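The values are calculated or read from the model by the stated rules, or taken from the named source; none is laboratory data. Because the structure is predicted, anything quoted here is derived from the model rather than measured. Please note: Cβ atoms are built from the backbone with ideal geometry, for glycine as well, and neighbour counts cover all protein chains shown.
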Amino acid sequence: MHYDKDGYVSIWAGNVNSEEQLYTYLATVYQGEEETDQAFAEKLGQLFLPEHQFRAYESDLKALFDEYYHQFAYDFGILFDEDFCEAFCYKGPSNELSQLIHPDFSYAEHFTANLIEKIGNKLSVSYNAVIILYDCHYDGHIASVRHQDAHIDFLGAVEMSLLL
């Protein structure tokens, strides 16, 4: 559940309908001031699907997500610091990793070559969104998640290079 590891970066790619949908998927959701405990409990009930009851860390996530939840964290069984997350939604899809990991991502020059070396530049699927977690070495125990309007795949984790 905790995959903190200095010097590593973990990358997911997916297809979403909009930038807003991507950021909603990544956002931490807290119980609203005017939202009843029952209404928030119903949201949590929709998050914790019965088919996932025996997943690794399911009970740990249930214990943590009593006052807030995070769809991305739940889907991949991972906790992370939002300050170490970057995401971007493109206007159109691409299956070239070198186009998906654009230079505007922090530290892109420190991990793009390693990622391409590990998984190749041509992906088997075209994607329009990328999620990057810094100082994270996710093991990929959950490789793919599909929702009504979104599909997210774990691409890999690589060590960042130190450029002198």
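From the list Leu79, Leu133, which one is of a type outside the set (D, E, K, R) and at pLDDT 95 or above? Full working, then the answer.
Numbers: Leu79 fails: at pLDDT 95 or above.
Criteria check complete, one pass: Leu133.
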Does Ala143 satisfy the condition of being closer than 17 Å to Tyr3 by Cα and among the small types (Gly, Ala, Ser)?
-> yes
So how many residues does the stretch 25-51 have that are under 23 Å from Phe88 (Cα atoms) and either free of Cβ contacts under 8 Å to residues at least 12 places away in the same chain or hydrophobic (A, V, I, L, M, F, W, C) (or both)?
-> 3
Taking the stated definitions as given, is Asp153 of a type in the set (D, E, K, R), touching a residue at least 12 places away in the same chain (Cβ under 8 Å), within 15 Å of Phe80 (Cβ to Cβ) and outside any loop (DSSP other than H, G, I, E, B)?
-> no
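Given Phe72, Phe40, which one is among the aromatic types (Phe, Trp, Tyr), modelled with pLDDT of 85 or more, over 30 Å from Gln99 (Cβ atoms) and surrounded by 17 or more Cβ atoms within 10 Å (Cβ to Cβ)?
Working: Phe72 fails: over 30 Å from Gln99 (Cβ atoms).
Only one candidate qualifies: Phe40.
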In contact with an Asp or Glu (Cβ under 8 Å, 6 or more places away or on another chain) and of a type in the set (Ser, Thr, Tyr) - does that describe any residue in the stretch 71-91?
-> no
In the stretch 127-150, what residues are in a strand (DSSP E or B) and either of a type in the set (A, V, I, L, M) or touching a residue at least 40 places away in the same chain (Cβ under 8 Å) (or both)?
-> Tyr127, Asn128, Ala129, Val130, Ile131, Ile132, Leu133, Tyr134, Asp135, Cys136, Val145
Considering residues of the stretch 2-20 that are exposed (fewer than 15 other Cβ atoms within 10 Å of the Cβ) and modelled with pLDDT of 90 or more only, the residue farthest from the chain's Cα centre (by Cα) | Gly7
